Amino acid sequence: MSARYDCADAQQRDEGLTAAMTAVQEGKLVVLPTDTVYGLGADAFQPDAVTALLAAKGRGRSMPPPVLVGTVRAASALAESLGAYGQDLIDEFWPGPLTLVFRSSPTLQWDLGDALGTVALRMPMDPIALDLLRRTGPLAVSSANKHGKPAATTAGEAQAQLGDAIDVYLDGGPSSDNVPSTILDLTGTVPRMLRAGAISIDDLRKIVPVIDLPTPDPQPKLSPADRRAAEAIAAANKAAETRTTAKTAEAAQPTDTVAESAAGGETDDSGTEPDD
């Protein structure tokens, strides 16, 4: 039988955090608020718990969950290296809605699914989530919804979808923002955008000058939310190409004409992919 705690009440919040910590230690599932949508969490180091998380969502091992951390030190311990840009991105955007993909430390004893030696890490800007994470350590967390269904923005919505498969629901009130985190892959030489989200490309480029924005498959099998995110990335690509073309044209003009030319703009991106 699930238990739900209203974290607006100080006593229930403390009781709920204690119950959630105990549930996680026992390999059970919890729902928690984050700074994007509600998350479904399990102990990242208990393979059976991660398997139960994927089963509750209706997902397979081919879609491993991200890992939320309560401290930057925890993230550093999980990643083989933060690379050229990891620390600067963390300093600028954490805690917050930016998920960073790193090569995972080879010493880790865990099984998140078919992660191919990588791990997606994020430190959320939510006091309840951070309090729980600092009690439990890293949690495998995906959005609290059935795969393909709308992401839950309240504990009630999460409970309606997931029911008694979850041991503890921490109710932190409605989510302040239903836009998911931006996902940036740092495992290659050039950082690669995997999902458009709450942090815009313009903001990321203040830290990372060059970002690979992949062109979506002409015939992708995407949900409507995924398709909107892919279209946002394609629009950003097109804007970047327009800007480059404009600069090339300016360079070919006489000096007095170049001075009168206007620079092209670049669009921001956002996505509505359900999985946080």
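Which ones in segment 113-137 are more than 26 Å from P174 (Cβ to Cβ), assigned to a loop (DSSP other than H, G, I, E, B) and either at pLDDT 95 or above or not hydrophobic (A, V, I, L, M, F, W, C) (or both)?
Within segment 113-137, G113, D114, G117, G137 qualify.
Pick from segment 71-95 the residues that are touching a Pro at 6+ places or on another chain (Cβ under 8 Å) and of a type outside the set (S, T, Y): which of them is surrounded by the fewest Cβ atoms within 10 Å (Cβ to Cβ)?
E80
So which pairs qualify, if the first residue must be in segment 87-101 and among the aliphatic types (A, V, I, L, M), the second must be modelled with pLDDT of 95 or more and part of a helix (DSSP H, G or I), the Cβ gap must be under 6 Å, and the two must be at least 6 apart or on different chains?
If the second residue must be modelled with pLDDT of 95 or more and part of a helix (DSSP H, G or I), the pairs left are I90/V72.
Tell me, please, whether a residue that is of a type in the set (A, V, I, L, M) and modelled with pLDDT under 95 can be found in segment 91-109.
Checking segment 91-109: at least one residue is of a type in the set (A, V, I, L, M) and modelled with pLDDT under 95.
Consider T107 carefully, then state whether it is closer than 23 Å to A77 by Cα, surrounded by fewer than 22 Cβ atoms within 10 Å (Cβ to Cβ) and of a type in the set (S, T, N, Q).
So T107 fits the description; yes.
Out of the residues in segment 161-198 meeting the condition of being under 22 Å from A55 (Cα atoms) and small (G, A, S), tell me which one is surrounded by the most Cβ atoms within 10 Å (Cβ to Cβ).
The residue in question is A165.
If I filter segment 31-43 for residues that are in contact (Cβ under 8 Å) with a residue 24 or more places away in the chain, in contact with a Lys or Arg (Cβ under 6 Å, 6 or more places away or on another chain) and either surrounded by 15 or more Cβ atoms within 10 Å (Cβ to Cβ) or of a type in the set (K, R) (or both), do I get at least one hit?
Looking through segment 31-43, none of the residues is in contact (Cβ under 8 Å) with a residue 24 or more places away in the chain, in contact with a Lys or Arg (Cβ under 6 Å, 6 or more places away or on another chain) and either surrounded by 15 or more Cβ atoms within 10 Å (Cβ to Cβ) or of a type in the set (K, R) (or both).
Of the conditions (1) without any contact (Cβ under 8 Å) to a residue 12 or more places away in the chain; (2) within 14 Å of L132 (Cβ to Cβ), M21 fails just one. Which one is it?
It fails just one condition, (1).
Looking only at segment 6-50, filter to residues that are of a type in the set (D, E, K, R) and in a loop (DSSP other than H, G, I, E, B); which one of those is modelled with the lowest pLDDT?
Only one residue fits best here, namely D35.
Looking only at residues in segment 168-194 that are under 15 Å from D6 (Cα atoms) and part of a loop (DSSP other than H, G, I, E, B), which one is modelled with the lowest pLDDT?
That would be S175.
Restricting to segment 51-62, name every residue that is part of a loop (DSSP other than H, G, I, E, B) and in contact with a strand residue (DSSP E or B) (Cβ under 8 Å, 6 or more places away or on another chain).
If the condition is that a residue be part of a loop (DSSP other than H, G, I, E, B) and in contact with a strand residue (DSSP E or B) (Cβ under 8 Å, 6 or more places away or on another chain), then R59 is the only one that fits.
Report whether or not Q12 is over 23 Å from A151 (Cα atoms) and touching a strand residue (DSSP E or B) at 6+ places or on another chain (Cβ under 8 Å).
yes
Is it the case that some residue within segment 66-79 is closer than 26 Å to T187 by Cα, touching a Ser or Thr at 6+ places or on another chain (Cβ under 8 Å) and in a strand (DSSP E or B)?
Yes - at least one qualifying residue is present in segment 66-79.
On the basis of being at pLDDT 95 or above, out of contact with any helix residue (DSSP H, G or I) (no Cβ under 6 Å at 6 or more places or on another chain) and under 29 Å from A3 (Cβ atoms), does M63 make the cut?
When the stated conditions are applied, M63 does not pass them.
Would you say A23 is under 14 Å from I166 (Cα atoms) and either surrounded by 15 or more Cβ atoms within 10 Å (Cβ to Cβ) or hydroxyl-bearing (S, T, Y) (or both)?
Yes: the conditions hold for A23.
Going by the conditions given, is A140 in contact (Cβ under 8 Å) with a residue 40 or more places away in the chain, in contact with a strand residue (DSSP E or B) (Cβ under 7 Å, 6 or more places away or on another chain) and outside any helix (DSSP H, G or I)?
Yes.
Would you check which residues across segment 80-103 are among the charged types (D, E, K, R) and assigned to a helix (DSSP H, G or I) and list them?
Scanning segment 80-103 gives D88, D91, E92.
The values are calculated or read from the model by the stated rules, or taken from the named source; none is laboratory data. On a predicted model such as this, the values are computed, not experimentally measured, just so you know. For neighbour counting, all protein chains shown are included, and Cβ atoms are generated from backbone atoms with ideal geometry for every residue, glycine included.
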